[in-house]
Amino acid sequence: MLGKQSVQFTCKPYIISSASIVGSKEAQGPMGKLFDKAGYDDMFGAQNWEDAESSLQKEALEIALGKAKLVKDDLQMVFAGDLLGQSIASSFGLAGYQVPHVGLYGACSTCGLSLAMGGMAVASAFAQKVACITSSHFASAEKEFRFPLAYGNQRPKSATWTVTGSGAFILSAQPGEQVCAVMEGVTIGKIVDYGIKDSMNMGACMAPAAADTIRQNLEDFGRAPKDYDKIITGDLGMVGQKLLFDLLAEMQIDITKQHMDCGIEIFESEKQHTDAGGSGCGCSAVVLSAYILKKLQEGVWKRVLFVPTGALLSKTSFNEGQTIPGIAHGVVLEHYECA
């Protein structure tokens, strides 16, 4: 343990492969050519939106295993989650692999949560190789949390667009033939609730949690923002980014030079009509796989703090008038220098 909320690994896990698969809208965005695969029919050959999301996870894991030249029997555990009730995208999508399954729910922070849990399992020698997977789908999320698509409701400018996509990552105790990045440590976030009840403003709900985790990471690791090439949040969007800067400024922390938000980067907001940006479990996962890990692997960035953010609401809690708490988990990723 390091400080109040962090774990620094003495045996650092290696991310030896990753995969990203996205939908048609994401393929048309600024990162469209970087993803491993894009579906131009967002049903992905399935009969409904939920099955479509399950197929995303299944295929993402298949691609990641192929890149690492592994088969499913090489995995000791899979850490997976999504936005749907009882995490059905993960359980139905991955059931056929018959790998010991750890189901997780961290809302849109699930990519960070799965990497944190998988990293701790590998670093502590409870497993040699694990997979970390998450996904989201625009249509299944709208159906789960907001309105049926046929309703055609208008969206406020503060709303974010749920990314259709899945990211899968293979963590290993040994480097193998290639290494995308190494995990130095993690900062497990706390639930932070500022009393916000607007489900169409996820950035405002999650920014306080992001600020809290970033502050705690810097304190626990004894670092300043300049010690990271990038501090990357998951899906705050443009509204949440401004709030994050304001909250950290109150703590005398300035990350404006280092900050990047996956939700801002994945879409061309005005051209693609995505309002405040992208969101969903798949948002930070596919950007991590397609863009961030490549920068680390090439040595363009030496160390980044990856902080996916999540809004912990359900249909039940929202309809009963509850607030929307947020959470954010930090993962410290570093460039791998070959011996």
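The values are calculated or read from the model by the stated rules, or taken from the named source; none is laboratory data. Just so it is clear, the model here is predicted, and its values are computed rather than measured. FYI the Cβ positions are ideal-geometry reconstructions off the backbone, even for glycines, and counts take in every protein chain you see.
Just a few scattered comments:
- GLU177 being closer than 30 Å to LEU70 by Cα and either surrounded by fewer than 17 Cβ atoms within 10 Å (Cβ to Cβ) or of a type in the set (Asp, Glu) (or both): yes
- Residue under evaluation GLU142, criteria (1) surrounded by fewer than 24 Cβ atoms within 10 Å (Cβ to Cβ); (2) in contact (Cβ under 8 Å) with a residue 40 or more places away in the chain, criterion not met: (2)
- Test: residue in the range 284-298 that is in the same structural domain as GLY222 (by TED's automatic domain parsing), at pLDDT below 95 and out of contact with any Ser or Thr (no Cβ under 6 Å at 6 or more places or on another chain): no
- Qualifying residue in the range 41-54 (condition: surrounded by 21 or more Cβ atoms within 10 Å (Cβ to Cβ) and under 22 Å from GLN178 (Cβ atoms)): no
- Residue match in the range 108-129 (condition: under 16 Å from the mean Cα position of the chain (by Cα) and surrounded by fewer than 24 Cβ atoms within 10 Å (Cβ to Cβ)): yes
- The set of residues in the range 295-332 that are part of a strand (DSSP E or B) and either within 15 Å of ALA107 (Cα to Cα) or without any contact (Cβ under 8 Å) to a residue 24 or more places away in the chain (or both) comprises VAL307, THR309, GLY310, ALA311, GLY326, ILE327, ALA328, GLY330.
- Here is the figure for the range 120-134: residues that are touching a helix residue (DSSP H, G or I) at 6+ places or on another chain (Cβ under 9 Å) and not in a loop (DSSP other than H, G, I, E, B) total 6.
- Criterion applied to PHE267, PHE245 was being among the aromatic types (Phe, Trp, Tyr) and under 15 Å from GLN28 (Cα atoms), and the one residue passing it is PHE267.
- Looking only at the range 135-192, and only at residues there that are in a helix (DSSP H, G or I) and over 18 Å from the mean Cα position of the chain (by Cα), the one that is modelled with the highest pLDDT: ALA139
- Any hit, the range 227-238, residues being touching an Asp or Glu at 6+ places or on another chain (Cβ under 6 Å) and in contact (Cβ under 8 Å) with a residue 40 or more places away in the chain: yes
- Put simply, of LEU115, LEU70 the only residue that is part of a helix (DSSP H, G or I), at pLDDT 95 or above and outside the structural domain of THR187 (by TED's automatic domain parsing) is LEU115.
- Answer residue from the range 219-242, given it is under 20 Å from the mean Cα position of the chain (by Cα) and hydrophobic (A, V, I, L, M, F, W, C) and is surrounded by the fewest Cβ atoms within 10 Å (Cβ to Cβ) among those: MET238
- Identity of the residue in the range 55-88, touching a strand residue (DSSP E or B) at 6+ places or on another chain (Cβ under 6 Å) and among the β-branched types (Val, Ile, Thr), that ends up surrounded by the fewest Cβ atoms within 10 Å (Cβ to Cβ): ILE63
- Selected residue [in the same structural domain as CYS283 (by TED's automatic domain parsing) and on the phi > 0 side of the Ramachandran plot] from GLN252, GLN241: GLN252
- Among the helices (runs of 4 or more DSSP H) confined to the range 205-288, the ones with at least 2 residues that are closer than 22 Å to LEU115 by Cα and not small (Gly, Ala, Ser) are located at 262-265, 281-287.
- ALA285 being of a type outside the set (Asp, Glu) and in contact with a Leu (Cβ under 6 Å, 6 or more places away or on another chain): no
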